[in-house]
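Read-outs throughout are calculated quantities, based only on the coordinates presented, and are distinct from any laboratory measurement. Please read these numbers as outputs of a predicted model, since none were measured by experiment. Cβ placement follows ideal geometry from the backbone for every residue including glycine, while neighbour counts extend to all protein chains displayed.
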């Protein structure tokens, strides 16, 4: 268990910022630019942690709690999820519900920290975040339910365990649907195009980036690190779904997992390059559509 | 049992003594508060005693037909006595501070009714005779009514009180019919013979079920009988709102559970009825809570939502039991029972917090608050904790009950084939939607009331409440945290209550171990937060902390009026999520011309169940009844004639049947 814990933390801390670099590089390549180096986020984080903080006069302790919880939640949530061949550190029957509500905790504090500044921009981000998440949560539950039914296990480690290979043979259609849904959830939860644009700070159609406008220094570093880890966690679920098989060797499997994550980051980069951001009022419609699609995959299993 | 009698004695004597005319104000306050505190401590002692030593019963004859002073504290009663006495105790301490500067001429009055409410609620819970139950129920309804109209000089308080009185008595009428029917069919009003209800033919049993769902549901605030609840809670003093929301509505659920315990076999459609009403209430309640700008009204609607979730769980228990799915039934029942306790803890905490804000800033309107966390640090902290608990966020206690309910749904939906597996999964999606909306409602409540800049000058002069008010809130915060991190502590009481409801060994040990892990996960997040804080401190030791104004994206003169209002916060959700029945009425507010003049915006969110369903029905029945006025002509001779006629008819009836 200690070894698994160390591997989990190592992957989280070391690999997470790289994914952001790959996404950036892919987008730059599409745009014909050189782009920032792959390891840019590592330097950014290092620099941010050396800086001082400037906080708004209207804020309270909530403002500084937001970033801390934004990092603590992915750190804890990751321990319940298998990372490729590295099994989950902790697991108990029904940990999937805990997993979902952990991210709700992070959302609660990110949104309240944004409201703490009293800025109308950040209020807008908070409103959008909590409103859209109302529609994401049912989707996530339906996705997890499909996996529960297929694996017969109530733990995340069982659901993303070795039974997935057999499930692809018996219920491939359902799995393809939830794969699409999980990709949408990943894009929404990680503030990616077409739902949110992580690059344009001042755009009024922003969601996540606008909530963290007033954070600076180590606080901003915590937020960026937490966001990168969150992407890695959702990516780990996706990669596990796509590449459920084992090559027979632990280290080979681990390599496969890492390559899969990098490939996923590349895919997100491609999506961001070839799509435009959705109109704001279209987003709830798309999310409701995704909910229905995920529910459809549940029905496919029930027949 | 003796301890319980002591508790009742203290409550009654103390309450009556505080009512004594001519008593010095301070003395009446101390007397009322101390008697409530002492009574509740004795009551808690009695409850713990019965949990340790098994059920206790007491029997004393009573001259009322069909009645007897027959009392019993079993596992189910003890399960409900704990929150009543606990919140009664904390509410009394809180009320001592809350009412300190009230200008009421008779401070003893509110204490008398407060003590009477605690006494009658515990009497309802321990009564083992239908007649005694009804009497206690009526005392409970009336004492809470007098508490609601404490501030009766305001017309809206009187209106809320009247609505409450109507609702509670219409519900009470259903209960009279229920006990009349059940007593006739069983041959006695003693609960010990009510087990004969299990052998009733389906039609009679179902009629009784509908009567009790109406009667107990109206007290519990079950949708669509909830209309009194969001009106009465803002009208009542805050410690009374807390006691009503935390304990009194639960007494309605107690009645439901007690009567259901007599039916060993229940058809599945009873459960479906409860699920439809419960889930409807959860969705409606949380949607309405989002559009209210009155802090306590919003909390009242949140109570409707939580009661909905509890009824949902209990309904699912009935369905799973009817289908023979024991594990899912046990999980649902455990979830429902745990949510009863957890809701009692966090909702009274939230009402205490709302009262503290009202006390400190003088307003219940969210748009007159803002930035209160700085001026009221303890109130703010406990409110944030309460909001986390109601949002079912780890590590607080709200998650535990909902976790069991989700488990029950997964358990029955994860295995069953075909349509049997379909329904639980639909319900699960809807429950997740409610969970998401709770976050929306409570980030709004915290964000608009406590954070940001003051929206009104009254918020800039707000002051923190005194220790008598803060201490109960801190105790409740602690309890919410403990119940969230160590849910297995509640295993004993839940199992004792489950035994009465026909699940002797409520849950396999394995499930409680999972629940223990859930608690450990809650502890884990605290640990993780601590670690992140320490590591960040170490890495960024050199960093200085400066302060500046909030970045206005280049705008030089930002004012508080540009930040979000309580109504603006839910605008997106109204457009994208809510069905039209939940949308508030908005008029005005449009500035059209190039140089627009001042404009006004009206925003009003009314309960459509009240305005579209009950108001027309009651107006129509009032119309019909007005035709009866001809009988009531106001002529004394006519009334004498009525009396004469009634006497003759009665004599004839007696002569016919007796002779």
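With each run of n ≥ 4 DSSP H residues scored as -39500 (n - 2.57), what mean residue ellipticity at 222 nm is computed for chain A after dividing by its residue count and rounding to the nearest 500 deg cm²/dmol? Don't skip to the answer; put the middle values down first.
On the way: 12 runs with 219 residues, N = 303.
Helix-only estimate at 222 nm: -24500 deg cm²/dmol.
Could you check the spin-label model distance between residue B:644 and residue A:57? Points 7 Å from the Cα along Cα→Cβ, value in nm.
The answer from the label model is 8.7 nm.
What order, most packed first, do the peptides B:71-80, A:9-18, A:32-41 have when packing is the mean number of other Cβ atoms within 10 Å of each residue? Mind showing how you got there, number by number?
Details: B:71-80: 23.4, A:9-18: 17.9, A:32-41: 13.4.
Ranking the peptides B:71-80, A:9-18, A:32-41 by packing returns B:71-80, A:9-18, A:32-41.
I'd like the Kirkwood hydrodynamic radius of chain A, using the inverse of the mean 1/r over distinct C-alpha pairs, in Å. Don't jump to the answer; show the numbers that get you there.
Numbers: mean 1/r = 0.0506 Å⁻¹.
After inverting the mean inverse Cα-Cα distance, the result is 19.7 Å.
Apply 1/(1 + (r/R0)^6) to the Cβ-Cβ distance of residue B:556 and residue B:60, taking R0 = 56 Å, and write down the FRET efficiency to the nearest 0.05. Walk me through the intermediate numbers first.
On the way: r = 78 Å, r/R0 = 1.40.
Once rounded, the FRET efficiency stands at 0.10.
I'd like the per residue volume of the convex hull spanned by the Cα atoms of chain B, given in cubic angstrom.
Working: hull volume 144.1 nm³, N = 659.
Cα-based convex hull of chain B, divided per residue, equals 219 Å³.
Angle, helix B:155-186 long axis vs. longest principal axis of chain B, Cα atoms, 0 to 90°, nearest 10?
Orientation of helix B:155-186: about 40 degrees from the principal axis.
Over all residues in A:67-74, what is the mean tally of Cβ atoms on other chains that come within 10 Å of each residue's Cβ? Display every interim value, and only then the final one.
Values: counts 2, 7, 5, 1, 7, 10, 5, 1.
Across A:67-74, the average partner-chain Cβ count within 10 Å equals 5.
Which of the three applies to the stretch A:36-131, rounded, prolate or oblate, going by the alpha-carbon gyration tensor with a ≥ b ≥ c and a/c under 1.5 meaning rounded? Present the calculation step by step, with values, prior to reporting the outcome.
Values: a/c = 2.36, a/b = 1.34, b/c = 1.76.
Oblate is the answer for the stretch A:36-131, as a/c is 1.5 or above yet b/c matches or exceeds a/b.
Can you order the peptides A:113-123, B:17-27 by their average number of other Cβ atoms within 10 Å per residue, highest first?
Numbers: A:113-123: 28.3, B:17-27: 13.8.
The packing order, highest mean first, is A:113-123, B:17-27.
To make sure I understand, if each residue's beta carbon is the centre and we count other beta carbons within 10 Å, what order do B:44, A:293, A:144 fall in, fewest to most? Intermediate values should be presented prior to the final figure.
On the way: B:44 19, A:293 16, A:144 23.
Going from least to most buried by this count: A:293, B:44, A:144.
Taking each residue of B:444-456 in turn, how many C-beta atoms of other protein chains fall within 10 Å of its C-beta, and what is the average?
Average neighbour count from other chains, rounded to a whole number: 5.
For residue B:627 and residue B:152 in the same chain, what is the full-extension length gain: residue separation times 0.36 nm, less their Cα-Cα distance, in nm?
Working: separation 475, 0.36 × 475 = 171.00 nm, distance 3.20 nm.
That works out to 167.8 nm of additional length.
Suppose each label sits 7 Å from its Cα in the direction of the beta carbon; what would the residue B:619-residue B:509 distance come out to in nanometres?
6.4
Using the per-residue mean of other Cβ atoms lying within 10 Å as a proxy for protection, in what order, highest first, do the peptides B:603-614, B:434-445, B:481-492, B:513-524 fall?
Values: B:603-614: 15.7, B:434-445: 27.6, B:481-492: 19.0, B:513-524: 20.6.
Put in order of decreasing packing, that is B:434-445, B:513-524, B:481-492, B:603-614.
With each pseudo-label sitting 7 Å past Cα toward Cβ, what's the residue B:499-residue A:282 distance in nm, one decimal?
In this crude label model, residue B:499 to residue A:282 measures out at 6.2 nm.
Sort B:219, B:537, A:230 by Cβ crowding within 10 Å, fewest neighbours at the top.
Numbers: B:219 29, B:537 11, A:230 23.
Ascending Cβ contact count within 10 Å gives the list B:537, A:230, B:219.
Bin width 10 Å, origin at 0, all Cα-Cα pairs of the stretch B:608-658: what percent of pairs per bin?
Over the stretch B:608-658, the share of Cα pairs per 10 Å bin runs 21, 24, 24, 20, 11, 0 percent.
Just check the stretch A:129-260 against the gyration tensor rule for me: Cα atoms, a ≥ b ≥ c as the square roots of the eigenvalues, rounded for a/c under 1.5, and otherwise prolate or oblate depending on whether a/b exceeds b/c. Intermediate values should be presented prior to the final figure.
Numbers: a/c = 2.63, a/b = 1.70, b/c = 1.55.
Taking the square roots of the gyration eigenvalues as a ≥ b ≥ c, the stretch A:129-260 is prolate.
Across peptide B:523-531, what mean number of C-beta atoms from other chains lies inside 10 Å of a residue's C-beta? Can you show the working numbers first?
Details: counts 0, 8, 10, 2, 2, 10, 9, 2, 4.
Shielding by partners across B:523-531 averages 5.
Give me B:226, B:359, B:637 sorted ascending by neighbouring Cβ count inside 10 Å, so fewest comes first.
Details: B:226 30, B:359 22, B:637 8.
Least crowded to most crowded, the residues run B:637, B:359, B:226.
Across the protein assembly as shown, what fraction of all alpha-carbon pairs, as a whole percent, falls in each successive 20 Å bin from zero upward?
13, 44, 32, 9, 1, 0
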